[in-house]
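A.B. asks: Below you'll find the structure I mean.
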Amino acid sequence: MWYQILLAIVGGAAGAALINQVGESLRERRRRKDITEDRESSDMAAVKVALKWVLYDRIRFLGQAFLREGEIDFDDRRLLNEMHKSYHDGLGGNGDLNVLMEAVNDLPLRQ
């Protein structure tokens with residue numbers, strides 16, 4: 001009879017230890033996942049910043065080239081406006097290119 005009580009106590013302690021170990025394992029897995037997600041989020045933010053600067057430079061370069069030419073093709077104007085929309089609205093550009101784009105959009109269309 002006393003051995004049944006001892007067995008119940010030991011079994012309960014072993015069960016509690018097992019449950020505690022499983023809980024710790026799950027918490028550690030979640031912590032590692034959070035660290036990985038934070039790193040990936042940081043990497044994506046860096047890619048977004050880089051893409052914003054590449055688009056800024058390309059829009060500025062093309063806009064200035066069309067202004068020097070004094071005219072623009074319809075398709076080139078449409079594509080440049082789409083690039084500007086992606087830069088400004090999609091990537092959160094600050095409006096620095098708005099004046100340039102207004103001047104480009106005022107250019108006569110090349111025949």
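A short reminder: the numbers here are calculations on the coordinates, not readings from a lab. From a predicted model like this one, the values you see are computed outputs, not experimental measurements. Ideal geometry is used to build each Cβ from the backbone, glycine not excepted, and the neighbour counts take in all protein chains shown.
A.B. asks: Show me the ranking of peptides 98-111, 50-63 by mean Cβ neighbours inside 10 Å, starting with the highest.
C.D. replies: Highest-to-lowest ranking by the protection proxy: 50-63, 98-111.
A.B. asks: Find out how many positive minus negative residues lie around ARG60, taking Lys and Arg as positive, Asp and Glu as negative, among other residues whose Cβ is under 13 Å from that of ARG60.
C.D. replies: Local net charge: +1.
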